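**Student:** Got a structure here, written out as structure tokens. Questions coming.
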Amino acid sequence: MKYNHKFRRTVISSVVATALLGGVSASAFAEVKFGALYPLSGGLALLGEESYRGLELAVEQINANGGVQGETVVLEIGDAVDNNQAIGEARRLISREDVKAIFGTFASSRSIAASQVAEMSKVPYFELGAVADDVTERGLSYVFRTNPTAYHMAETIIDMLVDGIAPELGVDPTELRIGIIHEDSNYGSSVAKHQRAFAEEKGLNIVMEEHYPASSVDMSSIVLSLQDKDVDVVLQTSYQDDSVLFLRQANERDYRPKAIIGGGGGYSMTPTAEAVGHDVIDGVYDADFTQYNINPEFAPGIEDFVASYEEKYNESPRSGHSLINYTGALGLLRAIDAGSGFSADEIKEAVLAMDVPVGETAAGIGLKIGENNQNERASMMGMQWQDGELVTVYPEEASVADMRTSQ
Amino acid sequence: MELIFSLIVNGLMLGSLYAMVSVGLTLIFGITKVINFAHGEFMMIGMMLTYIITTYLGIHPYLTLVFIVPLLFVLGILVQKYLIEPLRNSDEHVQIFATVGLSIAMINLVLMIAGSDNFNTPSSGMRHTLDLGLATVLTGQVVIMLCSIFMVGGLHLFLTRTQMGRAIRATAQNRNAAQLMGINVSRINMVTFGIGIACVGIAAVLLSPLYPVNAQTGQSFVLIAFVIVVMGGLGSITGAFFAALIIGLVDSFTGFYLGSSLKGVAVFGIFLMILIFRPSGLFGKARKLAHVS
């Protein structure tokens, strides 16, 4: 009886599977399937979904203009709730859905896990939003990244300090006493490592470096250390909670450095500014993906992007993640469109031929796959909180406002 | 001098905050013998409710105590009655997994309803800085400090001076003997669990104006709370209070002199030392009968 049962189940499931497979290959005519792998539920869902929206808008735009190589792009969604599921979903997309490439992923750890699977199955993996170095530094040949990374974040922060903030303050940058504080996961540590390297290159004076767990509930000892060491410029790489905590506690202890420059995540978000108070965060600098208060001449297409975003989702973009995903996806899809087929090597060849100069995409960045399959024309933007808004102030050609220093 | 004073004040403020969170945990731990891994999540729920009630009704966050404390008391009773009590006779590990499961379920429930956003209860004047001359503190921190002293004192009086308190202590000392004396042990356990959760409800309300809350907030506080509970001696409320102050001071001083990255090393180093050299905790008496149940 038992065996009979099992046998029947096997027969039924294989019949169903065959039917499904048949269905897939029939509908695949004139359609090309790509995977979209993002954390769409769980703790990272908010920005994961925001990132996905960028990809979705890019695909819609491409389809409206005739698709890629004459075929309509269909996105098959995978939900990367955690690293294990990212791997599972990548496998499903590749083997069951037969996608030609995967786009993703927002979270670095998910990206690192899932791209490994894609590499082994020889399916191109396009990272549009994760910043950790390791995504592209593992020597994989089918994993590409279009967005700026931890390296670029540190580069923008140090450049903005040396070329923008120090002249504005009227001091020689080497005279400033710099303190680096960062949360202690891979993200904060790798940004800090690059900050140190760039700072040494420019001969800057780092007087303090400290890291802390992102879940810290008290940072008053860090503030006391910064005060004790007379730090003029604080560089913090952080998530949201720790950004709020630091800015609040610094303010409450009346610690007023000449400049605070935040990196990414926490510092760019309006809820952070609201939690800290707009009067407190006013004047604080930030380096991150391109945000929306940017010179549209430097970021052609950004206004159209915002318009179609608002039309589709009935709200304004919630962060720059959608824009950076959109920019990368659009460039890649156009490149694939110019290619000659959908095999891994044909896609790779097409993508390597992509060549978009800086200042000609909606995010202002250029697109050109270079060493380690990383976009060598990516960069982050320097911004400052001014009167309740995060405005782009660096580089000059992207800026919409002058830097303000409280001297 | 000013610096040392600042560090001491910071340490004590942080310590009393930890004390508030730990008191309920040590009560539940010591008396029902249940390791409540969902303790932090009850706090998170309390903070979420404080946020919701405060923003919708526009009242001062402290007024939400009137709703939240009874609500969490009842919630605690229900959890004890329908989750822990049925597992009374199973292996201890099963109870641990039940509370771990409860914690995961609560976090994900909140994620499902509210997403992973941070919610900020209006600070309502509680982030106002008070200048003590040598150091500055926030009004909210002073309130937490005072309330933690009242809470510990109040619980101590309740446990030593009332009939119910005596019954609770009797149950903690020897469950079977207490039962033979006519004490309804499962009712005592429910009340204790309820009180423990209500305590963390008070902590949640008082913390809300100072800290943003998200689904993961409970996790940041509860690990330290476990260290404090063990350090103070399982079930010792005054022990937990002083242990919390010590941990607060260690946190503050190591954070400044050794760096924030080494805070954890210092705190958990002390924790390991205590487990090795004084497993009954700094203030706990080795109650031999406590484990007869």
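**Student:** So, in nm, how far is label residue B:186 from label residue A:255 when the simple model puts each one 7 Å beyond its Cα toward the Cβ?
**Tutor:** In this crude spin-label approximation the distance works out to 5.4 nm.
**Student:** On full extension of the chain, what length is gained from residue A:402 through residue A:372, given 0.36 nm per residue of separation minus the C-alpha to C-alpha distance? Could the numbers behind the result be given before it?
**Tutor:** Numbers: separation 30, 0.36 × 30 = 10.80 nm, distance 3.58 nm.
In short, 7.2 nm is gained.
**Student:** Also, quick follow-up: Please tell me which of these pairs span more than 21 angstrom C-alpha to C-alpha: A:202/B:263; A:122/A:193; A:33/A:122? Mind dumping the intermediate values first?
**Tutor:** Numbers: A:202/B:263 32 Å; A:122/A:193 32 Å; A:33/A:122 15 Å.
Where the Cα-Cα span goes over 21 Å, the pairs concerned are A:202/B:263; A:122/A:193.
**Student:** May I ask you to derive the relative contact order of segment B:2-225, considering only C-alpha pairs under 8 Å and at least 6 residues apart, and to give it as an integer percent? Intermediate results must be reported in sequence, preceding the final value.
**Tutor:** Values: 312 pairs, mean separation 102.1, N = 224.
Normalised by residue count, the contact order of segment B:2-225 is 46 percent.
**Student:** A follow-up question, please. Calculate the mean, over all residues of peptide B:201-207, of how many other protein chain Cβ atoms lie within 10 angstrom of the residue's Cβ. Walk me through the intermediate numbers first.
**Tutor:** Numbers: counts 0, 0, 0, 0, 0, 0, 1.
What the average comes to for B:201-207 is 0.
**Student:** Looking at this model, which pairs from B:33/B:81; A:100/A:348; A:100/A:368 are more than 19 angstrom apart at the alpha-carbon? All intermediate terms of the calculation are to be shown ahead of the outcome.
**Tutor:** Working: B:33/B:81 15 Å; A:100/A:348 11 Å; A:100/A:368 21 Å.
Where the Cα-Cα span goes over 19 Å, the pairs concerned are A:100/A:368.
**Student:** In chain B, if the dipole is taken from +1 on Lys/Arg beta carbons and -1 on Asp/Glu beta carbons about the Cα centre, which of B:77, B:90, B:24 is farthest to the positive end?
**Tutor:** Most positive-ward Cα: B:90.
**Student:** Compute a Gaussian network model of chain A, connecting alpha carbons closer than 10 Å, and tell me which residue from A:366, A:388, A:203 fluctuates the most.
**Tutor:** Of A:366, A:388, A:203, the most mobile in the Gaussian network model is A:203.
**Student:** So for the protein assembly as shown, taking the charge dipole from beta-carbon charges (+1 Lys/Arg, -1 Asp/Glu), which of A:46, B:192, B:113 sits furthest toward the positive end?
**Tutor:** The listed residue farthest towards the positive side: B:192.
**Student:** Would you mind telling me which residue in A:80, A:307, A:335 has the biggest mean-square fluctuation in a Gaussian network model of chain A, where springs connect alpha carbons within a distance under 10 angstrom?
**Tutor:** A:307
**Student:** For segment B:137-213, what's the relative contact order in percent, using C-alpha pairs closer than 8 Å and at least 6 residues apart? Each step should come with its number before you reach the end.
**Tutor:** Values: 31 pairs, mean separation 25.1, N = 77.
Worked out over segment B:137-213, it gives 33 percent.
**Student:** For segment B:6-40, list residues with backbone N below 17 Å from a point placed 7 Å from the Cα of residue B:94 toward its Cβ?
**Tutor:** Counting only backbone N, you get B:33-35.
**Student:** Within segment A:253-290, what residues put their amide N at less than 13 Å from the label point 7 Å along the Cα-to-Cβ vector of residue B:117?
**Tutor:** Flagged as within label range: A:270-272, A:274-275.
**Student:** Oh, and also: P(r) for segment B:2-225: what percent of alpha-carbon pairs falls in each 10 Å bin, starting at zero?
**Tutor:** 8, 32, 33, 19, 7, 1
**Student:** Taking 7 Å along the Cα-to-C-beta vector as the label spot, tell me the residue A:189-residue A:64 distance in nanometres, rounded to one decimal.
**Tutor:** Output for this residue pair reads 4.5 nm.
**Student:** Two decimals, Cα atoms only, Kirkwood Rh: what is Rg/Rh over the protein assembly as shown? Please report the intermediate quantities before stating the final value.
**Tutor:** Values: Rg = 28.3 Å, Rh = 27.7 Å.
With Rg and the Kirkwood Rh in hand, the quotient comes to 1.02.
**Student:** How big is D, in µm² s⁻¹, for segment A:278-354 by Stokes-Einstein at 4 °C and 1.567 mPa s if Rh is the Kirkwood radius over C-alpha pairs?
**Tutor:** Numbers: Rh = 14.9 Å.
Estimated via Stokes-Einstein, D reaches 87 µm²/s.
**Student:** Hey, another quick one. Which value, in Å² and to the nearest 10, is the accessible area of residue A:258 when all protein chains are kept and the probe is 1.4 Å?
**Tutor:** The accessible area of residue A:258 comes to roughly 80 Å².
**Student:** Evaluate the charge dipole of segment B:89-199 about its Cα centre and quote only its size in Debye, nearest 20, assuming +1 on the Cβ of each Lys and Arg and -1 on the Cβ of each Asp and Glu. Each step should come with its number before you reach the end.
**Tutor:** Working: 6 positive and 4 negative charges, 102 e Å.
Magnitude of the dipole: close to 500 debye.
**Student:** Residues of segment A:233-259 with backbone nitrogen within less than 19 Å of a virtual label 7 Å along the Cα-to-Cβ line of residue A:171, please, listed as ranges.
**Tutor:** A:233-236, A:250-251, A:254-259
**Student:** Next question, about the same structure. Where the only charges are on Cβ atoms (+1 Lys, Arg; -1 Asp, Glu), what is the dipole of segment A:239-342 about its Cα centre, to the nearest 20 debye? Spell out each step's value before the answer.
**Tutor:** Details: 7 positive and 16 negative charges, 61 e Å.
For this selection, approximately 300 debye.
**Student:** From the residues A:401, B:255, A:224, which one has its Cα farthest along the dipole of the protein assembly as shown in the positive direction, the dipole being from +1 and -1 charges on Cβ of Lys/Arg and Asp/Glu about the Cα centre?
**Tutor:** Result: B:255.
**Student:** In addition: How much accessible area is lost when chains B and A come together, counting both sides, with a 1.4 Å probe, in Å² rounded to the nearest 100? Can you show the working numbers first?
**Tutor:** Working: alone 13800 and 17380 Å², together 28940 Å².
Summing both sides, the interface buries roughly 2200 Å².
**Student:** Right, here's the next one. Would you please put B:267-278, A:213-224 in order of how densely packed they are, using the mean number of other Cβ atoms within 10 angstrom per residue and starting with the highest? All intermediate terms of the calculation are to be shown ahead of the outcome.
**Tutor:** Details: B:267-278: 13.6, A:213-224: 22.5.
Result, highest mean Cβ count within 10 Å first: A:213-224, B:267-278.
**Student:** Using unit Cβ charges (K, R positive; D, E negative) and no other charged atoms, how large, in debye to the nearest 20, is the dipole of segment B:2-225 about its Cα centre?
**Tutor:** Details: 9 positive and 7 negative charges, 153 e Å.
Dipole size: approximately 740 debye.
**Student:** In nm, to one decimal, how far is the residue B:150 label point from the residue B:176 one, both placed 7 Å along Cα→Cβ?
**Tutor:** In this crude label model, residue B:150 to residue B:176 measures out at 4.3 nm.
**Student:** Largest first, what is the accessible-area ranking of B:131, A:184, A:79, B:251 with a 1.4 Å probe?
**Tutor:** On the way: B:131 120, A:184 70, A:79 35, B:251 10 Å².
Descending accessible area places them as B:131, A:184, A:79, B:251.
**Student:** Select from B:39, B:93, B:156 the residue whose mean-square fluctuation is largest in a Gaussian network model of chain B (Cα-Cα springs shorter than 10 Å).
**Tutor:** Comparing B:39, B:93, B:156 in the GNM, the peak value goes to B:93.
**Student:** Quick one: in chain A, what % of C-alpha pairs are over 28 Å apart? Intermediate results must be reported in sequence, preceding the final value.
**Tutor:** Working: 39921 of 82621 pairs.
Tail of P(r) above 28 Å: 48 percent of Cα pairs.
**Student:** Which whole-number percent gives the relative contact order of chain A, counting Cα pairs below 8 Å spaced six or more residues apart? Each step should come with its number before you reach the end.
**Tutor:** Details: 828 pairs, mean separation 69.9, N = 407.
Relative CO of chain A lands at 17 percent.
The values are calculated or read from the model by the stated rules, or taken from the named source; none is laboratory data. Predicted model only: the values in this text are computed from it and were never measured. Positions of Cβ are backbone-derived with ideal geometry, glycine not excepted, and every protein chain shown enters the neighbour counts. For the accessible areas, the whole protein counts, side chains as well, though only heavy atoms, and no ligand, DNA or RNA atoms are used. Shrake-Rupley method; radii C 1.70, N 1.55, O 1.52, S 1.80 Å.
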